[in-house]
Amino acid sequence: MSRRTLVIGDIHGQYNELIRLLEEVRFSPSDRLVFLGDYINRGPGSRDVIDLLLSLEGEHVFLRGNHEEVVLRLLSGEPEYWYTWLEYGGRECLKSYGVNPDGIYFNHNGYYLYDDGTTVRVLTPEETISLMHRIFPPEHIRFFNRTLPFYHEGGFFFCHAGVETGLPLSEQAIYTDYFLIWGDEEFLGDETDYGARIIFGHYHSEVPLISDNKIGLALNRGVAALDLQEMLIIDSDRRRVKIDSTLPSGRR
Ligand SMILES: [Mn+2]
């Protein structure tokens with residue numbers, strides 16, 4: 001049996017949907033999975049998702065999304081990222097790790113405070129680091145740290161949020177990985193032929209985003225997988241989209 005490569009779009013704590021998707025594609029440990037990042041936040045099952053990813057047999061690629069980047073910033077002691085984390089789905093993530101998100105809140109000086117029942121204090125860089133280490137198990141922190149900004153293989157270039165528009169693939173992430181992780185506002189309309197098709201997530205939409213030079217796999221609900229051999233997208237709601245690469249040019 002030939003080895004399949006399946007690319008998995010943004011998961012965002014949707015543990016049940018991820019399980020359903022892996023069943024739907026009949027995942028076997030001989031398959032190689034390429035994950036596009038944004039494993040956590042918003043959905044209710046962030047912790048279960050990371051535990052599942054750590055338990056997968058086989059060799060897989062785990063890319064970094066902006067939601068993992070925010071957690072890594074907090075882990076390196078940048079308290080200004082509390083706001084970005086908590087207001088963009090981090091409260092659901094905290095709940096999944098057994099932490100009450102109501103204990104962390106905003107005050108007039110712009111920082112979040114942690115109320116342990118007896119004291120209320122501004123979260124300094126040091127307190128940010130130690131709180132993050134109390135929230136996440138060490139193996140989860142190692143997982144976040146090992147995620148990659150991109151992965152390039154043959155005719156495909158994989159990244160969370162698309163490339164820095166117009167820059168050759170060989171020069172992406174030399175100066176900054178910002179665009180690969182947070183996106184470039186010109187990317188979605190970009191028709192540059194990069195010599196490899198860009199497979200990305202980040203831009204959530206009702207259906208996959210398919211054009212000549214790129215395929216976007218972040219869905220408004222559920223999780224999508226792209227089978228690179230079949231050029232077939234399957235999602236956790238059992239919808240299927242065949243990507244017809246035999247058509248000549250033009251947007252499909
Ligand atoms: Mn996302």
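Scan segment 200-220 for residues that are in contact (Cβ under 8 Å) with a residue 40 or more places away in the chain and among the charged types (D, E, K, R) and the total you get is 2. Among helices (runs of 4 or more DSSP H) entirely within segment 4-88, having at least 3 residues that are over 24 Å from residue 238 (Cβ atoms) and hydrophobic (A, V, I, L, M, F, W, C) singles out 66-75.
Does segment 50-58 contain at least one residue that is in the same structural domain as residue 202 (by TED's automatic domain parsing) and within 16 Å of the ligand (Cβ to nearest atom)? Can you show your working first?
Our first condition is that a residue be in the same structural domain as residue 202 (by TED's automatic domain parsing); within segment 50-58, this holds for 50-58.
Filter once more, so that each one left must be within 16 Å of the ligand (Cβ to nearest atom): 50, 53.
There is at least one residue in segment 50-58 that is in the same structural domain as residue 202 (by TED's automatic domain parsing) and within 16 Å of the ligand (Cβ to nearest atom).
Against the criterion of being within 15 Å of the ligand (Cβ to nearest atom) and hydrophobic (A, V, I, L, M, F, W, C), residue 22 does not qualify. Where strands (runs of 3 or more DSSP E) fall entirely within segment 181-234, those with at least 2 residues that are over 18 Å from residue 37 (Cβ atoms) are at 209-211. Taking the criterion of being surrounded by fewer than 13 Cβ atoms within 10 Å (Cβ to Cβ) and in contact with a Lys or Arg (Cβ under 8 Å, 6 or more places away or on another chain), would at least one residue in segment 143-159 satisfy it? The answer is yes; a qualifying residue exists. When you scan segment 35-53, do you find a residue that is surrounded by fewer than 18 Cβ atoms within 10 Å (Cβ to Cβ) and in contact with a strand residue (DSSP E or B) (Cβ under 6 Å, 6 or more places away or on another chain), even just one? Taking every residue of segment 35-53 in turn, none turns out to be surrounded by fewer than 18 Cβ atoms within 10 Å (Cβ to Cβ) and in contact with a strand residue (DSSP E or B) (Cβ under 6 Å, 6 or more places away or on another chain). For segment 59-90, residues that are within 16 Å of the ligand (Cβ to nearest atom), aliphatic (A, V, I, L, M) and within 20 Å of residue 151 (Cα to Cα) total 2.
The values are calculated or read from the model by the stated rules, or taken from the named source; none is laboratory data. Values in this document were obtained by computation on a predicted structure and should not be read as measured data. We place every Cβ from the backbone using ideal geometry, glycine too, and count neighbours over all the protein chains shown.
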